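Asker: Provided herewith is a single structure, encoded as structure tokens, for subsequent inquiry.
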There are 2 protein chains.
Amino acid sequence: MSYEQLKLKNQLCHRLYMASNSIVRAYREPLSELNITYPQYVVMMALWEQDKITIAELLEKTAIDGGAMTQILKKMADKQLLEIIKDAQDKRKRLVQLTSEGQALKKKAAHIPKQIGCKFNSIDSAQAQQLMQLLDLVVEDLSESKTIESF
Amino acid sequence: MSYEQLKLKNQLCHRLYMASNSIVRAYREPLSELNITYPQYVVMMALWEQDKITIAELLEKTAIDGGAMTQILKKMADKQLLEIIKDAQDKRKRLVQLTSEGQALKKKAAHIPKQIGCKFNSIDSAQAQQLMQLLDLVVEDLSESKTIESF
DNA sequence: ATCAAATACTTTGCATGCAAAGTATATTGC
DNA sequence: GCAATATACTTTGCATGCAAAGTATTTGAT
């Protein structure tokens, strides 16, 4: 056996690991000006798209871990970016709603996608689209439900 | 302004974030049988390729954070997988060397790449290669040295 | 109606990832 | 030679990511 597949150079997974870390690192500085982290930025983007949604919906949109989400939302509430409201109909649920400050942050964040995009000098728009589609397949293939079904 | 770029659906970065988390999650169970985590597995793969290298070289090969590496190596040394030896020539450096137990683990890990690979039902070999190449470009574009040069 | 099971979260414990500060050793410039 | 730098790590503090256990409600089956 050559163990060829155990070499880091041949591993898609290690590439993904490195790329994701690079991304989060790249966002750190731009986002520090908004006083938020990358996961918090992801939560904000979800809420800018659709406000006043349940935590479960937020989890689904962002793919952030549930346990982490509780902590993240608590910090964001402390920063006055959002409020967590109990759902009157179903008391188990909680709704997340942006404050005016949270809504206002959208304008200050509007330049960030372009700022990050500028760093991708080697990748054109078509390749980025292709990359997104392939990554969707990766996530889909690795999703829990799929794994359970196939065994 | 449409803020179209702030939508999660359009973000390559969020895809990468999700995909990377999925990967680490997918490795968790197979690796738990070896009693190691994904970053520890990455360290092992690096050492299986080339043993007795400095921590700096290990950092370069794995792209793991330096601060984290200290902790990771300490845990792996506790598990008798490797030893950290002071370099006689340059006392600042330290060499990482696998124990016989660490070397032996390679056989027990040999099935893992295939096991993970089986989950990728939607992606063929050519697409995986393409994905790797694109991810290399992402990492390259976001690398620190590049950023500094371009500004 | 009522108790078991399912939901929607929260909490806890452990392992990173990362920036920034600290330590020990080696190199350099003068 | 020696002080100023540069190296190679280590340590610290904070923010997740994740599994597993815990809590509060709501559904469902009988």
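The values are calculated or read from the model by the stated rules, or taken from the named source; none is laboratory data. Remember, predicted model here, so these are calculated numbers, not experimental data. Heads up, the Cβs are rebuilt from the backbone with ideal geometry, glycines too, and the neighbour counts pull from every protein chain shown. Only protein heavy atoms, including side chains, enter the accessible area calculation; ligands, DNA and RNA are left aside. Shrake-Rupley method; radii C 1.70, N 1.55, O 1.52, S 1.80 Å.
Asker: Region A:101-141 to region A:9-41: how many Å between their Cα centroids?
Answerer: A separation of 12 Å, based on Cα centres.
Asker: Counting protein heavy atoms only and a 1.4 angstrom probe, how many square angstrom of accessible surface do chains A and B bury in total, to the nearest 100?
Answerer: 6100
Asker: Per residue, how much accessible area does region A:1-109 have with a 1.4 Å probe, in Å²?
Answerer: Dividing the accessible area of region A:1-109 by its residue count gives 55 Å².
Asker: While we're looking at this one, here's another question. Looking only at B:131, B:59, B:34, which one moves most when chain B is put into a Gaussian network model with springs between Cα atoms under 10 Å?
Answerer: B:131
Asker: Further question on the same structure: What residue of chain A sits with its beta carbon nearest the rotation axis taking A to B, and at what distance in whole Å?
Answerer: Measuring from each Cβ to the axis, the minimum is at A:20, 2.
Asker: A further question follows. Contact order normalised by length for region B:11-145, with contacts defined as Cα pairs under 8 Å and 6 or more residues apart; what percent is it?
Answerer: Result for region B:11-145 is 20 percent.
Asker: May I ask for the longest run of chain B untouched by trypsin sites (Lys or Arg not before Pro) that are loop-located per DSSP and have at most 12 neighbouring C-beta atoms (other than their own) within 10 Å?
Answerer: Between exposed loop sites, the widest span is B:1-90.
Asker: Mind checking Rg over Rh on region A:15-151, alpha carbons, Kirkwood formula for Rh?
Answerer: 1.00
Asker: Now, a different point. Taking only the Cα atoms of the protein assembly as shown, how large is their convex hull per residue, in Å³?
Answerer: It comes to 171 Å³ per residue, whole-number rounded.
Asker: If you don't mind, there's one more thing I want to ask. Which residue, A:113, A:39, A:30, has the most motion in a Gaussian network model of chain A that connects Cα atoms within less than 10 Å?
Answerer: Greatest mean-square fluctuation among the candidates belongs to A:113.
Asker: Summing -39500 (n - 2.57) over the DSSP H runs of n ≥ 4 in chain A and dividing by its residue number, what mean residue ellipticity at 222 nm do you reach, to the nearest 500 deg cm²/dmol?
Answerer: -19000 deg cm²/dmol
Asker: What per residue convex hull volume, in Å³, comes out for region A:2-64 when only alpha-carbon positions are used?
Answerer: Spread over its residues, the Cα hull of region A:2-64 gives 95 Å³ apiece.
Asker: Next question, about the same structure. Label position 7 Å from Cα toward Cβ: report the copy-to-copy distances for residue B:104 in nm, one decimal, ordered from shortest.
Answerer: Between copies, matching label points for residue B:104 lie 6.5 nm apart.
Asker: Once ligands and nucleic acids are excluded and a 1.4 Å probe is used, how much of residue A:101 is accessible, expressed in Å² to the nearest 10?
Answerer: Its heavy atoms expose roughly 100 Å² to the probe.
Asker: Using +1 at the Cβ of each Lys and Arg and -1 at the Cβ of each Asp and Glu in chain B, identify which of B:30, B:58, B:3 lies farthest towards the dipole's positive end.
Answerer: Final value for the positive-end residue is B:30.
Asker: Using a Gaussian network model on chain B with a 10 Å cutoff between Cα atoms, which of B:112, B:123, B:23 fluctuates the most?
Answerer: B:123
Asker: Now for a different question. If I compute solvent accessible area with a 1.4 Å probe over the protein chains, what percent of it on the protein assembly as shown is carbon and sulfur?
Answerer: The nonpolar share, carbon plus sulfur, comes to 49 percent.
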